[in-house]
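Student: One structure follows; several queries about it will come next.
The values are calculated or read from the model by the stated rules, or taken from the named source; none is laboratory data. Nothing here was measured: the structure is a model prediction, and the numbers come from that model. No Cβ is skipped: glycine too gets one built from the backbone with ideal geometry, and neighbour counts run over all protein chains shown.
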Ligand code: FAD
């Protein structure tokens, strides 16, 4: 039966973080898009922590924004607290993080999607995929509808055969209060896909009115908060809500241990792998038995709610244990629960089954994005969603895929890691995963990506203009500094304040300003500089770019040159028809892996674990180099 007579360009299955960005991107690129999701009230629902960004993840949100995605804007519009993490380190490590009002976040996302042209909505559950041999041509739903499409993006998150665990209780579900999704995994496995199981967990939510904050340490937001979006449609926070910090103790640990025999983590009921870097509290006290205490961050869920997210206390222990143990934490003695913590197991598809465009290798026009690819985190999901949305739209327009290199974006690192190395545990982004992190900063995502996105037809003209202006003004300011000669009368009082040796002749300001002990703002007392800034409306953002250039241009140039070298290998393609079985001089392991991953370039081949430098040399010879 089909009540939908249209053949859509793109159907997006699932309206989580990946699905929402995918739907926005494909629709904004002119593709007629349908977003099908189980519950339209839960668009981009934050299943776990009500926060976006953080180390490396904040850079991803900035990249999404620079490309014209919505996650940064929604975060800014619904933020209750903002922090720039790692500000004491070099700019490659600065990472924005914001806490959002959970309910407003979902509402804002839905409003933005509703205002997006070319985008239709439908609430139902997809329980099957329609194929024409090795091509996807549509989806089937629980209500028995068949909806046709040229491309389909599956972003089912933690819902595929989801199984929720709390202590000894187990029940089907995709997330607290929502049903699991069946049918999709089965259809894909029948087509030859490999699937696996992963798990994740979430802490209890409690009533903030029942907590004693006097026993905790206040954690306010930044004094001068920044924001995610490069566009002026959002503004920085004028008011913020504080979080609080408290700790578990030996009593908490003893009480938690009392429930270990009933823990699905330890009694063998949960067999799948969880996120190593976001462990449950029982996992923490088990693995780090000698640690006397663990941090517990008390995070408000919004402006107008008393609900609190107990960050650091993720658990699937039985309710009675959760209840007893949490009361031993200072400030939680009289706590009232809103909801107990739980763990969830779900199907994922090893991402080595995808190409760089996130299209599956087995089925043409079928794309996967988000947690289904073995990742964890809203930011990782949203980034993949945006890229899958772009690439599905490009596919319908018969255009080449849009692929970001590892040296261009964390998003490039994320997708390349997933499809080249795969992942056996929930994958999250870290700065250490990026070999060119000095290039991939949160302050320059727009400079790196907006022009590319504008060319695709995704980033708006306004974004492009702002980037062009930022580039131009940064260059002009650097040129001005290179030319501006300053006298010892100008400079010595500044040096003296910083206990630095005086100069005895005039110098170019550019040289002095590069000194690590000095900041651009120290020189604002120099009249000529001040006049330049005022006359040319040089704002904080430009000054930051200039400062980074002054202090880090050496490192940046070095990384650029390393990246260029690698990109030369990136430009040595391996034809998809290349027959590795005929190359006897490859090691057995390398041949197996190369056959499985089918890298598109020598560079990608070199990143596959098991492919050694000598295997790469062999391939280079075969590619005529
Ligand atoms: P989701 O946000 O899960 O969205 C999937 C969407 O698809 C949902 O709207 C769902 O209704 C819809 N859907 C699913 N199947 C169908 C179907 N067949 N038909 C129609 N619609 C469908 N991340 C962390 O970084 N750290 C954590 O500690 C963490 N803990 C988590 C704990 C829990 C209990 C859960 C559920 C998630 C946790 N996450 C955590 C993961 C985080 O929520 C996800 O990484 C992120 O939301 C993934 O985004 P997504 O778009 O892939 O999927």
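Student: In the range 448-462, is there at least one residue being within 16 Å of the ligand (Cβ to nearest atom) and either free of Cβ contacts under 8 Å to residues at least 24 places away in the same chain or surrounded by fewer than 20 Cβ atoms within 10 Å (Cβ to Cβ) (or both)?
Tutor: Residues of the range 448-462 that are within 16 Å of the ligand (Cβ to nearest atom), as a first pass: none.
Taking every residue of the range 448-462 in turn, none turns out to be within 16 Å of the ligand (Cβ to nearest atom) and either free of Cβ contacts under 8 Å to residues at least 24 places away in the same chain or surrounded by fewer than 20 Cβ atoms within 10 Å (Cβ to Cβ) (or both).
Student: In the range 28-49, what residues are surrounded by fewer than 24 Cβ atoms within 10 Å (Cβ to Cβ) and under 28 Å from residue 433 (Cβ atoms)?
Tutor: Within the range 28-49, 45, 46, 47, 48, 49 meet the criteria.
Student: Can you tell me which residue is farthest from residue 321 (Cα to Cα) among those in the range 355-390 that are crowded, with 24+ Cβ neighbours inside 10 Å and more than 16 Å from the chain's Cα centre (by Cα)?
Tutor: 390
Student: For the range 108-131, which residues satisfy the criterion of being free of Cβ contacts under 8 Å to residues at least 12 places away in the same chain and either touching a strand residue (DSSP E or B) at 6+ places or on another chain (Cβ under 9 Å) or within 16 Å of the ligand (Cβ to nearest atom) (or both)? Explain how you work it out, then say what you get.
Tutor: Let us first name the residues in the range 108-131 that are free of Cβ contacts under 8 Å to residues at least 12 places away in the same chain, namely 111, 114-115.
Selection gives 114 alone.
Student: Still on this structure: If a residue counts only when it is farther than 30 Å from residue 549 by Cβ, which helices (runs of 4 or more DSSP H) contained entirely in the range 49-116 have at least 2 such residues?
Tutor: Working: elements: 57-67, 71-78, 102-114.
The qualifying helices (runs of 4 or more DSSP H) are 71-78, 102-114.
Student: Continuing with this model, one more query. Output the residues belonging to the range 168-177 that are crowded, with 22+ Cβ neighbours inside 10 Å and more than 8 Å from the ligand (Cβ to nearest atom). It would help to see each step written out before you state the result.
Tutor: Start the filter on the range 168-177 by keeping residues that are crowded, with 22+ Cβ neighbours inside 10 Å, which leaves 174-175.
None; the set is empty.
Student: Can you pull out every residue in the range 264-290 that is away from the ligand (no atom under 16 Å from the Cβ) and either within 30 Å of residue 82 (Cβ to Cβ) or crowded, with 20+ Cβ neighbours inside 10 Å (or both)?
Tutor: 285 - this is the single residue of the range 264-290 that is away from the ligand (no atom under 16 Å from the Cβ) and either within 30 Å of residue 82 (Cβ to Cβ) or crowded, with 20+ Cβ neighbours inside 10 Å (or both).
Student: If we keep just the residues of the range 189-211 that are surrounded by 21 or more Cβ atoms within 10 Å (Cβ to Cβ) and outside any strand (DSSP E or B), which is farthest from the chain's Cα centre (by Cα)?
Tutor: The selected residue is 211.
Student: Every residue in the range 331-351 that is farther than 18 Å from residue 169 by Cα, buried (at least 17 other Cβ atoms within 10 Å of the Cβ) and in contact with a helix residue (DSSP H, G or I) (Cβ under 7 Å, 6 or more places away or on another chain), please.
Tutor: 331, 332, 335, 347, 348, 349, 351
Student: If you take just the helices (runs of 4 or more DSSP H) that sit entirely in the range 528-625, which of them hold at least 2 residues that are touching a helix residue (DSSP H, G or I) at 6+ places or on another chain (Cβ under 8 Å), touching a residue at least 24 places away in the same chain (Cβ under 8 Å) and on the phi > 0 side of the Ramachandran plot?
Tutor: On the way: elements: 540-570, 588-597, 602-606, 613-622.
Correct list: empty, since no element meets the threshold.
Student: Within the range 227-257, track down each residue that is part of a loop (DSSP other than H, G, I, E, B), within 28 Å of the chain's Cα centre (by Cα) and either without any contact (Cβ under 8 Å) to a residue 40 or more places away in the chain or over 15 Å from residue 80 (Cβ atoms) (or both). Can you show your working first?
Tutor: Start the filter on the range 227-257 by keeping residues that are part of a loop (DSSP other than H, G, I, E, B), which leaves 227-242, 248-249.
Then keep just the ones that are within 28 Å of the chain's Cα centre (by Cα); that gives 227-242.
Selection gives 229, 230, 231, 232, 233, 238, 239.
Student: Suppose we filter the range 492-511 for residues that are in a helix (DSSP H, G or I) and in contact with a strand residue (DSSP E or B) (Cβ under 7 Å, 6 or more places away or on another chain); how many remain?
Tutor: Let us first name the residues in the range 492-511 that are in a helix (DSSP H, G or I), namely 492-497, 509-511.
After this cut, where a residue has to be in contact with a strand residue (DSSP E or B) (Cβ under 7 Å, 6 or more places away or on another chain) as well, the list is 509.
Result for the range 492-511: 1.
Student: Another question about this same structure. Being in contact (Cβ under 8 Å) with a residue 60 or more places away in the chain and surrounded by fewer than 22 Cβ atoms within 10 Å (Cβ to Cβ) is the filter here, so list the residues in the range 139-162 that pass it. Steps first, answer last, please.
Tutor: Taking the range 139-162 as the starting set, the residues that turn out to be in contact (Cβ under 8 Å) with a residue 60 or more places away in the chain are 139, 141, 144-162.
Those that are in contact (Cβ under 8 Å) with a residue 60 or more places away in the chain and surrounded by fewer than 22 Cβ atoms within 10 Å (Cβ to Cβ): 141, 144, 145, 146, 148, 150, 161.
Student: Further question: Checking residue 214 against (1) part of a loop (DSSP other than H, G, I, E, B); (2) surrounded by fewer than 18 Cβ atoms within 10 Å (Cβ to Cβ); (3) at pLDDT 95 or above, which single condition isn't satisfied?
Tutor: Against the list (1) part of a loop (DSSP other than H, G, I, E, B); (2) surrounded by fewer than 18 Cβ atoms within 10 Å (Cβ to Cβ); (3) at pLDDT 95 or above, residue 214 comes up short only on (1).
Student: Tell me whether the range 395-405 contains one or more residues that are within 18 Å of residue 9 (Cβ to Cβ), touching a strand residue (DSSP E or B) at 6+ places or on another chain (Cβ under 7 Å) and more than 16 Å from the ligand (Cβ to nearest atom).
Tutor: Taking the range 395-405 and keeping what is within 18 Å of residue 9 (Cβ to Cβ), we get 395-402.
Now narrow it down to the ones that are touching a strand residue (DSSP E or B) at 6+ places or on another chain (Cβ under 7 Å): 395-396.
Still in the list and also more than 16 Å from the ligand (Cβ to nearest atom): 395-396.
Yes.
Student: Say whether the condition of being buried (at least 24 other Cβ atoms within 10 Å of the Cβ) and within 22 Å of residue 604 (Cα to Cα) is met by at least one residue in the range 391-403. Talk me through it step by step, then tell me what you get.
Tutor: Taking the range 391-403 as the starting set, the residues that turn out to be buried (at least 24 other Cβ atoms within 10 Å of the Cβ) are 391-393.
Going one step further and asking which of them are within 22 Å of residue 604 (Cα to Cα), we end up with 391.
Looking through the range 391-403, at least one residue is buried (at least 24 other Cβ atoms within 10 Å of the Cβ) and within 22 Å of residue 604 (Cα to Cα).
Student: Any residue in the range 253-276 that is at pLDDT 95 or above and under 30 Å from residue 96 (Cα atoms)?
Tutor: Within the range 253-276, none of the residues are at pLDDT 95 or above and under 30 Å from residue 96 (Cα atoms).
Student: Counting just the residues of the range 12-45 that are assigned to a loop (DSSP other than H, G, I, E, B) and closer than 24 Å to residue 413 by Cα, which one comes out nearest to the ligand (Cβ to nearest atom)? Outline the logic, then answer.
Tutor: Within the range 12-45, the subset assigned to a loop (DSSP other than H, G, I, E, B) is 14-16, 29-32, 38-39, 43-45.
From what is left, the residues that are closer than 24 Å to residue 413 by Cα are 16, 29, 44.
Working: 16: 2, 29: 19, 44: 7 Å.
Here the residue is 16.
Student: Go through the range 178-202 and report how many residues are more than 21 Å from residue 268 (Cβ to Cβ), touching a strand residue (DSSP E or B) at 6+ places or on another chain (Cβ under 8 Å) and away from the ligand (no atom under 15 Å from the Cβ).
Tutor: Number satisfying all stated conditions: 2.
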